[in-house]
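First up is the structure itself, then whatever we jot down about it.
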Amino acid sequence: MAVSRANKRKNRALSQLFEMALGTCAIGLCLLLLPFFIPKSSAFAAVLPNFQPIIWTGAWVALATGLALLVLHRLTKSKPPASPPPRNTPAAWSADVFADIEWRRFEAVCEALFAQAGFQTQSQSHGADGGVDIWLHSQHADGPVAVVQCKHWNDRPVGVKELREFFGVMSSHKLARGTYATTSTFTSDAHQFASANGIHVLDGKRLLELIATRTTEQQQALLTVAHEGEYWRPTCASCGIKMVECDPAKRRSGFWGCVNYPRCKMRIPMRKSGDLA
């Protein structure tokens with residue numbers, strides 16, 4: 001997964017270099033620790049002093065080589081070039097802001113929005129979230145009082161399936177309150193299920209209405225959160241790092257890929273405009 005075949009070969013070589021460096025360091029550590037694991041009563045222990053200088057020399061050579069390979073890997077692994085932002089940063093909130101930002105920025109905006117409401121928030125930037133993006137805490141209660149799930153979708157509404165899964169998470173944590181926020185919309189079945197099970201739903205329109213109730217300073221603070229860093233470039237949900245653009249292969253559309261490929265195979269399709277999926 002790279003922008004070109006040359007980059008794909010480079011990534012594969014870097015991965016092999018990293019594995020070689022770790023393996024060489026491991027050999028050095030094993031040689032250093034070897035004398036401590038040999039029983040004193042064994043036949044090898046009697047002749048060990050004769051070979052110990054050789055073993056120690058080999059151990060330190062292996063460690064030095066491994067560390068040198070790690071440094072070489074670090075220096076060789078270049079950072080992906082930054083793409084220009086898809087459009088000028090807007091000065092006020094609108095649906096275009098949700099369309100421009102990536103999913104991690106959307107979660108950060110939601111977290112900041114609840115923090116402005118007086119909650120103490122705790123989020124998880126990447127990895128398995130167990131169906132929870134933001135935990136809401138109150139100074140008057142022990143443990144979380146509610147949970148928030150964020151879905152940055154532009155091409156389809158959130159359905160009842162997603163709401164049922166979220167309700168299962170609420171039930172497993174014995175929480176009566178939960179909020180499901182999306183840049184998209186909800187199906188009618190999802191609205192009915194949410195209403196019947198104590199789930200507060202916020203679609204893109206209602207989120208903008210909620211933001212509009214904040215002070216001018218608070219709205220600008222939320223805009224700053226939304227446009228922090230490379231806000232248009234998606235974050236790998238597994239590794240928590242920015243992804244890179246990958247050219248289409250075999251007439252397929254382009255996609256965003258993780259820089260840790262092949263260890264991480266996470267990918268996100270691009271829209272036809274080249275912006276975020």
Restrict the check to segment 215-234 and report whether at least one residue is in a loop (DSSP other than H, G, I, E, B), surrounded by 14 or more Cβ atoms within 10 Å (Cβ to Cβ) and among the aromatic types (Phe, Trp, Tyr).
yes
Within segment 240-255, considering residues that are of a type in the set (A, V, I, L, M, F, W, C) and modelled with pLDDT under 90, the one surrounded by the most Cβ atoms within 10 Å (Cβ to Cβ):
Cys246
In this structure, is Phe167 among the aromatic types (Phe, Trp, Tyr), part of a helix (DSSP H, G or I) and closer than 26 Å to Ala141 by Cα?
yes
Lys174: passes all of (1) touching a strand residue (DSSP E or B) at 6+ places or on another chain (Cβ under 7 Å); (2) without any contact (Cβ under 8 Å) to a residue 40 or more places away in the chain but (1)
Give me the residue from segment 177-200 that is polar (S, T, N, Q) and touching a strand residue (DSSP E or B) at 6+ places or on another chain (Cβ under 8 Å) and, out of that set, nearest to Ser138 (Cα to Cα).
Thr179
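One line per residue, one yes/no per condition, for (1) among the acidic types (Asp, Glu); (2) closer than 30 Å to Met266 by Cα; (3) buried (at least 16 other Cβ atoms within 10 Å of the Cβ):
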{"residue": "Val145", "(1), (2), (3)": "no, no, yes"}
{"residue": "Asp155", "(1), (2), (3)": "yes, yes, no"}
{"residue": "Thr179", "(1), (2), (3)": "no, yes, yes"}
{"residue": "Phe186", "(1), (2), (3)": "no, yes, yes"}
{"residue": "Ala190", "(1), (2), (3)": "no, yes, yes"}
{"residue": "Phe193", "(1), (2), (3)": "no, no, yes"}
{"residue": "Gly198", "(1), (2), (3)": "no, no, no"}
{"residue": "Leu207", "(1), (2), (3)": "no, yes, yes"}
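The values are calculated or read from the model by the stated rules, or taken from the named source; none is laboratory data. The structure displayed is predicted, hence computed values, not measured ones. Ideal geometry is used to build each Cβ from the backbone, glycine not excepted, and the neighbour counts take in all protein chains shown.
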